[in-house]
Amino acid sequence: MIVRALALSLLLTSPSQGQEMAPGSTVILRGLDRIAGETTELRIAAGEQVDYGRLRITLRECRYPAENPSADAFAFLEIEDTRDAEALFSGWMIASSPALNALDHVRYDVWVIGCQ
């Protein structure tokens, strides 16, 4: 977990990347219900939350490369189980590396598509 946090921190703050990041007001996520086999596109504005199945997803911040908005996206998400308000995920997800810091849930998978 510490290695993931360090790698993510380097991706977000590394000056060697040479990219200036711009804030986005909305994130586009894709959700997968593994049992039903259905995917859903979710749009969440910064500071808002959306319920997806038994999950409640809150977007805290979204960033993207200022020079190329379609290149990548970074979203700070908080995800909890609505049944017992248990925190399942809190951190940055990266569109280009969804497995780097992923939601660990038996039924649902959520990943970042982009920021707007």
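Search the range 83-97 for residues being farther than 17 Å from E41 by Cα and under 10 Å from the mean Cα position of the chain (by Cα), and hand back the single one that is surrounded by the fewest Cβ atoms within 10 Å (Cβ to Cβ).
Top of the filtered list is S90.
Here is a yes/no grid of residues against (1) among the small types (G, A, S); (2) touching a Ser or Thr at 6+ places or on another chain (Cβ under 9 Å); (3) free of Cβ contacts under 8 Å to residues at least 12 places away in the same chain:
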{"position": "L42", "(1), (2), (3)": "no, no, no"}
{"position": "A46", "(1), (2), (3)": "yes, yes, no"}
{"position": "R54", "(1), (2), (3)": "no, yes, no"}
{"position": "P65", "(1), (2), (3)": "no, no, no"}
{"position": "E80", "(1), (2), (3)": "no, yes, no"}
{"position": "R107", "(1), (2), (3)": "no, no, no"}
{"position": "V110", "(1), (2), (3)": "no, no, no"}
{"position": "I113", "(1), (2), (3)": "no, no, no"}
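Given (1) surrounded by fewer than 18 Cβ atoms within 10 Å (Cβ to Cβ); (2) more than 13 Å from Q116 (Cβ to Cβ); (3) under 13 Å from the mean Cα position of the chain (by Cα), where does F74 come up short, assuming only one miss?
(1) is the only condition that F74 fails.
Please specify each residue of the range 98-111 satisfying the condition of being over 18 Å from G53 (Cβ atoms) and buried (at least 16 other Cβ atoms within 10 Å of the Cβ).
Step one: list which residues in the range 98-111 are over 18 Å from G53 (Cβ atoms), which gives 98-101.
If the condition is that a residue be over 18 Å from G53 (Cβ atoms) and buried (at least 16 other Cβ atoms within 10 Å of the Cβ), then P98, N101 are the ones that fit.
Before we move on, is V106 hydrophobic (A, V, I, L, M, F, W, C) and assigned to a loop (DSSP other than H, G, I, E, B)?
Numbers: hydrophobic (A, V, I, L, M, F, W, C): yes; assigned to a loop (DSSP other than H, G, I, E, B): yes.
Against the criterion (hydrophobic (A, V, I, L, M, F, W, C) and assigned to a loop (DSSP other than H, G, I, E, B)), V106 qualifies.
Quick one: E80 ticks every box in (1) within 19 Å of E41 (Cβ to Cβ); (2) surrounded by 12 or more Cβ atoms within 10 Å (Cβ to Cβ) except a single one, so which number is it?
The number of the failed condition is (1).
Out of the residues in the range 23-45 that are hydrophobic (A, V, I, L, M, F, W, C) and part of a strand (DSSP E or B), state the one that is farthest from A102 (Cα to Cα). Reasoning before the result, please.
Taking the range 23-45 as the starting set, the residues that turn out to be hydrophobic (A, V, I, L, M, F, W, C) are 27-29, 32, 35-36, 42, 44-45.
Still in the list and also part of a strand (DSSP E or B): 27-29, 32, 42, 44-45.
On the way: V27: 16, I28: 16, L29: 13, L32: 13, L42: 17, I44: 18, A45: 20 Å.
Looking at the filtered set, the residue picked out is A45.
Of the numbered conditions (1) in contact with a helix residue (DSSP H, G or I) (Cβ under 8 Å, 6 or more places away or on another chain); (2) outside any loop (DSSP other than H, G, I, E, B), A87 satisfies every one except a single condition; which is it?
The single condition A87 does not satisfy is (1).
Can you tell me which residues in the range 15-45 are under 12 Å from the mean Cα position of the chain (by Cα), under 17 Å from F89 (Cβ atoms) and among the aliphatic types (A, V, I, L, M)?
Filtering the range 15-45 for residues under 12 Å from the mean Cα position of the chain (by Cα) gives 26-31, 42-44.
Next, from what is left, pick out any that are under 17 Å from F89 (Cβ atoms): 27, 29-31, 42, 44.
Scanning the range 15-45 gives V27, L29, L42, I44.
Each value in this text was obtained by applying a stated rule to the coordinates, not by laboratory testing. Computed from a predicted structure; not experimentally measured. All Cβ positions, glycine included, derive from the backbone under ideal geometry; neighbour counts span all protein chains shown.
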